[in-house]
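What follows is a single structure, written as structure tokens, with notes after it.
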Amino acid sequence: MVFVDGEPASAGGCGIVGQVARLWGAGIRPAFRGRGAYRALLAKRLALAREHGATLALVKGRVATSGPILRRAGFTSYGEERSYCLSLRTED
């Protein structure tokens with residue numbers, strides 16, 4: 001978790017399997033977007049992964065939001081996953 005001015009700003013997980021760090025579930029509170037919270041969270045998870053023997057990190061991020069930050073951190077894109085949204089109506 002990352003705090004900004006004493007308030008929780010972002011959180012995310014990291015699992016280690018062998019020498020691979022699997023980063024997952026990063027979220028940033030709207031009030032803290034654009035203030036470096038995601039980058040700080042990424043750096044913290046990568047440091048912890050290195051401390052636990054990881055030599056490779058994998059992450060799935062949104063192209064428009066996380067993508068630029070991940071690329072600047074050194075990640076390489078290996079494909080895209082498409083998501084579709086369908087609104088479900090209830091029968092009356």
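Read the figures in this text as sums done on the coordinates, not as results from a lab. All values reported here derive from a predicted model rather than from experimental measurement. Neighbour counts run over all protein chains shown; Cβ positions are idealised from the backbone, glycine included.
Tell me, in nm to one decimal, what length is gained between Leu56 and Ala11 on full extension, where the rule is 0.36 nm per residue of separation less the Cα-Cα distance?
Values: separation 45, 0.36 × 45 = 16.20 nm, distance 2.06 nm.
Contour length minus the Cα-Cα distance gives 14.1 nm.
The residues neighbouring Leu58, those whose beta-carbon lies less than 12 Å from its own, together hold a net charge of +3 under the Lys/Arg +1, Asp/Glu -1 convention. Multiplying the residue separation of Arg22 and Leu86 by 0.36 nm and removing their Cα-Cα distance gives an extension gain of 20.2 nm. Using the Cβ of Arg22 as centre and a radius below 12 Å, the other residues enclosed give a net charge of +2, where K and R count +1 and D and E count -1.
Can you give the angle from 0 to 90° between the axis of helix 37-51 and the longest principal axis of the chain, with both taken from C-alpha atoms, to the nearest 10? So the inclination is approximately 50 degrees.
Rounded to the nearest whole Hz, the Karplus-based 3J(HN,Hα) values (6.51 cos²θ - 1.76 cosθ + 1.60, θ = phi - 60°) of region 57-66 follow the sequence 10, 10, 8, 10, x, 6, 4, 6, 9, 7, with x at glycine and proline. Projecting the Cα atoms of Gly61, Leu23, Ala43 onto the charge dipole of region 2-72 (Cβ charges, centred on the Cα centre) puts Gly61 farthest toward the positive pole.
Compute the relative contact order of the chain as a whole-number percentage, counting only Cα pairs closer than 8 Å that sit 6 or more residues apart in sequence.
Values: 94 pairs, mean separation 22.5, N = 92.
Computed over the chain, the figure is 24 percent.
Take every Cα-Cα pair in region 46-92 and report what % of them are more than 15 Å apart. Don't skip to the answer; put the middle values down first.
On the way: 646 of 1081 pairs.
In whole percent, the share of Cα-Cα pairs in region 46-92 beyond 15 Å is 60.
Rounded to the nearest whole angstrom, the semi-axes of the ellipsoid equivalent to the chain, taken from the Cα gyration tensor as √(5λ), stand at 26, 19, 14, largest first.
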